[in-house]
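What follows is a set of notes on a single structure, which appears directly below.
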Amino acid sequence: SIASADMDLNQLEAFLTAQTKKQGGITSDQAAVIGKFWKNHRAKIRESLINQSQWDNVLKNMNWRVDLKSQSRHIDQINTPVAIVEMELGKNGQ
């Protein structure tokens, strides 16, 4: 929650305080450690999350077609167009 919201110090303090007051939450000592860790490593944590969420694959090939249903369980679905797309992905430089 802290990293995804990219909390500043005021938001962090409010969030950790709420977590200590919540039943089954964290202790004050745990909140202090989490707060100190976030303050010292905020940039690295954010960079790591961004790198993990980026899609660095490239589209190598794509085939597509549009078909019409000629049989169906329900008559209102006959002659309904259906798109079929096939994508081949690869890593950059491969």
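The numbers here are math on the coordinates, done by the rules we state, and not lab data. Not measured: the values here are computed from a predicted model. Ideal geometry is used to build each Cβ from the backbone, glycine not excepted, and the neighbour counts take in all protein chains shown.
Per DSSP H run of n ≥ 4, the term is -39500 (n - 2.57); total these for the chain, divide by its residue number, and report the mean residue ellipticity at 222 nm rounded to 500 deg cm²/dmol. Show your work: numbers first, answer last.
Details: 3 runs with 43 residues, N = 94.
So the calculated ellipticity at 222 nm is -15000 deg cm²/dmol.
Label-to-label distance, V58 versus Q30, with points set 7 angstrom from Cα along the beta-carbon direction: 4.6 nm.
Rounded to the nearest 10 degrees, the angle from helix 28-53 to the longest Cα principal axis of the chain is 30 degrees. Note on V82 and S70: their simple-model spin labels are 1.3 nm apart, each label 7 Å out from Cα toward Cβ.
In plain terms, the bigger the Kirkwood radius, the slower the diffusion; for the chain, with that radius from Cα pairs, at 10 °C and 1.306 mPa s, Stokes-Einstein puts D at 87 µm²/s.
Two decimals is fine: what is log10 I(q)/I(0) at q = 0.18, 0.20, 0.23, 0.30 Å⁻¹ for segment 9-53, from a Debye sum with one equal scatterer on every Cα and no solvent? The computed values of log10 I(q)/I(0) come out as -0.59, -0.68, -0.80, -0.98. Against the chain, whose longest principal axis comes from its Cα atoms, helix 9-21 is set at around 80 degrees. Between A18 and K44, the simple label model (points 7 Å from Cα in the Cβ direction) yields a spacing of 2.8 nm. Candidates S53, A31, A14 compared by Cα position along the dipole of the chain: farthest toward the positive end lies A31, with charges placed on Cβ.
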